[in-house]
Amino acid sequence: MHAFRNILRTEARLYLRDLPTLLTIVGLPTMILVVLGLIPSLREPDPNFDGQNFVNYFAPSLLVVTLAMVGVNTMPMALATYRERGVLRRLATTPAHPGALLAAQLVVALAAILASALLLIVVGRLAFGVPLPRHPLGFTLAFVLGTAALLALGLLVAAVARTTKAAQALAVPLFLLTMFFGGVYLPRFLLPDAVARIGDYTPPGVQALLDAWTGPSPQPLHLAIMAVIAVAAGASAAKLFRWE
Amino acid sequence: MPVIEVTHLKKRYGDLVAVDDVSFAVEAGEIFGVLGPNGAGKTTTVECVAGLRVPDGGGVSVLGLDPRRDAAQLRQRVGVQLQESQLPDRLRVAEALELYASFYRNPADPAALIDKLGLGDKRNTAYKKLSGGQKQRLSIALALVGNPEIAILDELTTGLDPQARRDTWGLIEQVRDSGVTIVLVTHFMEEAERLCDRVAVIDRGRVVALDSPAGLVSTVAPEQRIRFRPSAPVDDRLLTDLPEVSAVQRTGGQVVVTGTGDLLHAVTSVLARHQIVAADLRLEQSTLDDAFVELTGHRPAN
């Protein structure tokens, strides 16, 4: 525990030291929200979104931005780099286990995701009247399970990719797909219905987030699928992970 | 009482036999070299000693312990510097040493270690801003920060310029003088000759020689060569009659005498007796390089 605490502190310090990445991860969704929120017509109620305005409707997709960046991009790339550069191997020669470094990476990734989500929710509420999640419990559940599913996929990438190049080759398409199905590139009402429905079931499960935030409440099936993906990808990653 | 005992070690990766049959013992307080051509099984051997790999056969005992079963204890007592092992770019020198020191029960003082390794003015420098030599010294410091009884150093000076290499050698001697047993994997013969008390030469997964560097040279490649320009014509027979001489050659005005034993004394005495002055006289003795080639059939790197 002692070693883990020190490794975590070091990883957090390194994370804070990379300011451009940190600002992007934490601030980008909120920045997009502010830009969109400044356009008056996007704040008008619209029958396309059950009488909500576009900003409200789009906010969950902005959560996907950070989840995708961290979950299937920066976190697995950081682990792949640590493995390729022998950081994990060096740690294996000391009394500390390289698993502590992996755990520390997950903790800082979670912290960044949480900070980004809180910033988005608070700014959305104060600046543009986006309501706080209507179903706090359901929202928390949808957020936790969606995050877990994406992080597990990210760990799987880090596990199967032997080099940082291979990790990148896996992470980039996964990132683009997550963003696409999460309705970030094209708002989902513009997507063909079938594509939007697929997006309900791809991590982090944007429909469940939307339903819990401003809608009726998340559907159990959507949540269950995220849980299944999290467990399956997490277990495979644990089985396949190589320390060197 | 040896601190490391390796007996009939075997290790294969699929069809590739990395270590076929390696045995040696390392005594407390010595610098023990593991030499061999690339792919000879050096790194795999020391990785088994460090407990990073599971041998397929044979035994390894380190400080009387089993590197796999007693891994937790040995990691406290054995420091390892691995080949091509880096650190995160933004991690600073002092942070790295303080972090690694915190893993050990009886760590060295990181600040003192930084000074000892000549990194005092780099304390707050990020890893990526360090030169190759500084990175290497930091890597050595990390292997020593737990106050180990044994330090295993793999390819210590690969990639360093000649000055940095010499500085590193001085450092390793200091470490040995402080009582640490050192296992040094290298393919630089000059490094082994300078530092090692004894060396094991490994080729194709087997130990082909085990001796002090000087012992290896004198048994494996005892030949010496003398070159000189005689001030007056020399009859070859004058030289070939000497028991120490095995051959005499002439190239231009130069005479090259090959032989063993106290060759220099024998040749200079006979020349003096005939009032011949040997100008530009040079004695070429075999080096560990020659012994290495003799043993493995490979030219060592550089």
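Its residue count N sets the reference 2.2 N^0.38 Å, and the alpha-carbon radius of gyration of the stretch B:223-285 equals 0.96 times that reference. Start at zero, step by 10 Å, and the Cα-Cα distances of the stretch B:2-218 spread as 8, 35, 36, 18, 3 percent across the bins. Over the stretch B:1-105, all Cα pairs binned in 5 Å intervals from 0 give whole-percent P(r) values of 2, 10, 19, 21, 19, 13, 10, 5, 1, listed from short to long.
Computed from phi, the 3J(HN,Hα) profile of the stretch B:279-287 under the Karplus parametrisation 6.51, -1.76, 1.60 (θ = phi - 60°) reads 8, 6, 6, 9, 10, 10, 9, 5, 10 Hz, with x in place of Gly and Pro. Legend: ranking of residues B:48, B:196 from fewest to most surrounding C-beta atoms inside 10 Å; resulting order B:196, B:48.
Taking label positions 7 Å along the Cα-Cβ direction at both residue B:90 and residue B:12, the computed distance is 4.7 nm, reported to one decimal.
Defining a contact as two alpha carbons under 8 Å apart and six or more residues distant in sequence, what relative contact order in percent does the stretch A:2-240 show? Display every interim value, and only then the final one.
Details: 335 pairs, mean separation 61.5, N = 239.
Reported relative contact order: 26 percent.
Sketch the reach of a paramagnetic label on residue A:2 as a point 7 Å from Cα along Cα-to-Cβ, and name the residues of the stretch A:74-95 whose backbone nitrogen lies under 20 Å away. Correct set: A:91-95. Taken over the protein assembly as shown, the alpha-carbon convex hull comes to 204 cubic angstrom per residue.
Across the cross-link table entries B:10/B:116; B:42/B:135; B:10/B:128, which are compared at the Cα atoms, the separations over 30 Å belong to B:10/B:116; B:10/B:128.
Can you tell me what percent of all Cα-Cα pairs in the stretch B:130-246 are more than 21 Å apart? Intermediate values should be presented prior to the final figure.
Details: 3664 of 6786 pairs.
In whole percent, the share of Cα-Cα pairs in the stretch B:130-246 beyond 21 Å is 54.
Find the Rg to Rh ratio for chain A, where Rh is the Kirkwood radius over alpha-carbon pairs and Rg uses the same atoms. Rg/Rh: 1.00. Considering only beta bridges that DSSP places wholly inside the protein assembly as shown, some 65 percent are antiparallel.
Applying the Karplus relation 6.51 cos²θ - 1.76 cosθ + 1.60 with θ = phi - 60° to the stretch B:19-26 yields 3J(HN,Hα) values of 10, 9, 6, 10, 9, 6, 9, 10 Hz, where x marks Gly and Pro.
Since every read-out is calculated from the coordinates, none of them should be taken as a lab result. Predicted model, so just to flag it, every value in this text is computed and none were measured. Because the Cβ atoms are built from the backbone with ideal geometry, glycine has one as well, and the counts that use them run over all protein chains shown.
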